[in-house]
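FYI, it's all coordinate maths here, none of it is from the lab. Fair warning: this is a prediction, and the values are worked out from it, not measured in the lab. FYI the Cβ positions are ideal-geometry reconstructions off the backbone, even for glycines, and counts take in every protein chain you see.
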Amino acid sequence: KRSLCVSNACASSHSAVYLAHRWLEKKSVQSVLILAVDFLGPFVVNGFQSLKALSETKNRPFSKDRDGLQLGEAAAAILLSQKISGRFLLKNTQLFNEGYGLTRPNPNGEGLNQIYRSFDPEKSSPHLLIAHGTGTLHNDLAEDCAIAAAFGAGKQGPPVTNTKWSIGHTLGASGAMDIIAACESIKNQTCFEIANTFEIDPRFQANYLTKNSQHLFPEKINSVIVNSLGFGGITGALEISKSPS
């Protein structure tokens, strides 16, 4: 048995999944249990306050009037295995460290762009995309640039949603929470809106599911991409699909 603590800020869950996937590919292990948890202590809260990154009202990802994130706490467990057949397949997973800034991504979404290119979007356009979507000015801009560039603008691209408007930004556990949301969307063949967002930033081009847009839900959900962006320039994305078995 082996164990390792992975700490890559808000991309920690994606980093752990990437590492687990490499172990499984090399057949050095047969199963990996990923435990993701984050705690809101004074250091974390005061740090985000000092960055002026916290919303004074409520989290509105990708909205024209977004004013920051809401913090949350969560714990999640994910099992990746070669010896247990399940409903879901981890199709792609990749990390990229763009090193643009300590607390903000490259505004043109360079990290995600690099990852999406490795996924070959022409052969791997997802039915749904769960964005990191913190509701901060810098994160949402970078994600929109990358998503629209890779998958097309407007209705050409996959529907885009996220979870942080509802459960808050659970930091190191946020990627794991979104992975679980992706699996549930595939399992139940439905998704959810960004219900706090009514009007998208007019500069943005991706295909967002906002309040009262259930009529835009995809007809089938067999493939979901999940994004994650963390401090220090670390960016992660992975794709989960319905198992062929």
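When mean projected area of the Cα convex hull in nm² is calculated for this entry, the matching label among (i) 13.5; (ii) 12.6; (iii) 18.7 is (ii). Selection among G172, L141, P158 by position relative to the dipole of the range 134-227 gives P158 as farthest towards the positive end (Cβ unit charges, Cα centre). When a/c reaches 1.5 or more, the comparison of a/b and b/c decides; with that in mind, is the range 35-147 rounded, prolate or oblate per its Cα gyration tensor? Here the range 35-147 falls in the oblate category.
Report, in debye and to the nearest 20, how large the dipole of the range 101-174 comes out about its Cα centre when Lys and Arg carry +1 and Asp and Glu carry -1 on their Cβ. Let's see the in-between values first.
Numbers: 5 positive and 6 negative charges, 20 e Å.
The calculated dipole for the range 101-174 is roughly 100 debye.
Just checking the listed ones, H127, H14, H215: in the Gaussian network model of the chain with Cα springs under 10 Å, the one fluctuating most is H215.
Within a straight-line Cα-Cα reach of under 19 Å, K83 can be paired with the following aspartates and glutamates, leaving aside sequence neighbours fewer than 8 residues apart in one chain: E25. Please say if the range 82-178 is rounded, prolate or oblate, where rounded means a/c under 1.5 for a ≥ b ≥ c the square roots of the C-alpha gyration tensor eigenvalues, and otherwise the choice is prolate for a/b larger than b/c and oblate otherwise? Verdict is rounded for the range 82-178.
About the Cα centre of the range 1-56, how large is the charge dipole given +1 on each Lys and Arg Cβ and -1 on each Asp and Glu Cβ? Please answer in debye to the nearest 20. Intermediate values should be presented prior to the final figure.
Working: 6 positive and 3 negative charges, 84 e Å.
Here the size comes out at about 400 debye.
For the chain, modelled as a GNM whose springs connect Cα atoms under 10 angstrom apart, the maximal fluctuation among A173, A131, A195 occurs at A195. Output the pairs from K26/K164; K52/K242; K26/K220; K52/K220; K155/K187 with a Cα-Cα distance over 30 Å in this structure; if there are none, say none. Going by Cα-Cα distance, K26/K164; K52/K242; K26/K220; K52/K220 fall outside the 30 Å limit.
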